[in-house]
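A short write-up of the structure that comes next.
What follows is calculated from the coordinates using simple rules that are stated; it is not laboratory data. Being a predicted model, the structure only gives us computed values, none of them experimental. Cβ: placed from backbone, ideal geometry, glycine included. Neighbour counts: every protein chain shown.
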Amino acid sequence: MIGSTVRGALTGLGSAGRIGALLAEIGNGGLSERLHPDPARDAAVQAMLPHVGMHGWSVAAARRGAGPDADLLFPGGPAEMVEAHNDLLDRLLLEAGETLSETRLSRRVRALVLLRLDLTSADREAVRRGMALLALPGHRIAAARMLARTVDTIWRAAGDTATDWSRHSKRAILAGLYLATLLFWLRHGDPAETASFLDRRLAGVARIGKLRARLSGAARLSQR
């Protein structure tokens, strides 16, 4: 079930080309504007989570968890419910990031990615259902908004203060890493395996960065 949903999510979010376009949108900025916090909406999301496994992100789950009028808090329908859940998790991550003891930026980013997944460990089925919903036609922009907000939250919680072009490139790179790690986690679920997968991806990014630096240095020398 999870494997088929992951395949569906990859197909729905896009082929390699469409995923690349989505990451480019994130890298260009403009998608990470925060939602306005709403305590009533947060409470409704938390109350409906136990029902999402059976009913999906739906009016039925909202009403069963938070009362007969709970769906009125989400005029955008199920996709807005998923977005509200994602936004709540981002804010919880931002708070949790203040307690991290890691000081190196790269290690803080790693810890925050894993913490973001850990925050949803009890609601993995709800996340899976949300990914399946976002894989449906018409939800690509909503998916991009959520991914952009999450990676922006991770960088902010890590302490990144860049304002130049690197701000956007960092977010585009992390978006790809986070999406791949999220899909791996949905498929396998094991925290240790997920951490190892993330470490391999981070190591790959580091190798590419070093190679680019060497090539850039060589190019500068050849121009002298």
Sites E95 and D164, calculated FRET efficiency, Cβ-Cβ separation with R0 30 Å, nearest 0.05: 0.65
A40-D199 pseudo-label distance in nm [points 7 Å out on the Cα-to-Cβ vector]: 4.8 nm
